[in-house]
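Quick notes on the structure that follows.
The values are calculated or read from the model by the stated rules, or taken from the named source; none is laboratory data. Please read these numbers as outputs of a predicted model, since none were measured by experiment. Cβ sites come from the backbone with ideal geometry, for glycine too, and all protein chains shown count toward neighbours.
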């Protein structure tokens, strides 16, 4: 009984609070039923001893009755009637006791059944609680798995978007590259055209420079010839001016000689025809002196 009570107490401690009170009540009823069952067993043992005693007494009475039967049939009949009456009373009493015992046993069995049902309900409740926790754990794992899959799907979507973005950028880069190649080709063609034009321009410029050089050489030749002519003309002019100067000098010297001669002769003084200053001024106005001065 102690082991059963300890197990019942352990099972009660595992139940929720709502079912714990019911289980404790059922446990108390079960203890009461156990106590009654023990009392019934003691009563049954006592009844068995009483029955054995009565059987022994009946055996003695039967022996006495037989002895009395040998003595007198009337006494035997009376004794038999008495025994029958007593036996009927004993049977009635034993039937009543048996019925009471059966009722008590039925009550104990009912209490035991209720306790068993309570324990079964407690066990089912515990199993339901375990199932609920297991279901919650499964739901949590499923939620975590769903969240993980959602995160993986989101990551996959992000990677796909990044791949598409990279593909778009690559396509744009390819278009830009082709456009750059096209621009480079156009620029190369333009550069080639410009180079050809520059080459043509350089050729034309070279031809123009050549023509200019030839023209310059011709102009230089012309200018050299003109300078030669001018030089010769200048030399001729210089010779002419030198001759004129020489003639003027000679004339001046002659004039000075006449003046000196006139001064040497006595007589009234006459004004000089040409003063020295005038002679100098006249000399500076001569073309030869202007040419020597660079004017």
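For region 75-133, a residue qualifies if it is within 28 Å of residue 53 (Cβ to Cβ) and in contact (Cβ under 8 Å) with a residue 40 or more places away in the chain, and the qualifying residues are 94, 97, 101, 104, 105, 108. Residue-level check: of (1) at pLDDT 85 or above; (2) surrounded by 11 or more Cβ atoms within 10 Å (Cβ to Cβ), residue 187 misses just (1).
Of the residues 119, 99, 89, which single one is within 24 Å of residue 32 (Cβ to Cβ) and more than 60 Å from the chain's Cα centre (by Cα)?
Numbers: 119 fails: more than 60 Å from the chain's Cα centre (by Cα); 89 fails: within 24 Å of residue 32 (Cβ to Cβ).
Exactly one residue qualifies, and that residue is 99.
When the criteria are applied in full, residue 182 fails the requirement of being surrounded by 10 or more Cβ atoms within 10 Å (Cβ to Cβ), touching a residue at least 60 places away in the same chain (Cβ under 8 Å), in a helix (DSSP H, G or I) and out of contact with any helix residue (DSSP H, G or I) (no Cβ under 9 Å at 6 or more places or on another chain).
Only one of the listed residues (116, 135) is surrounded by 13 or more Cβ atoms within 10 Å (Cβ to Cβ), modelled with pLDDT of 85 or more and assigned to a helix (DSSP H, G or I). That residue is 116.
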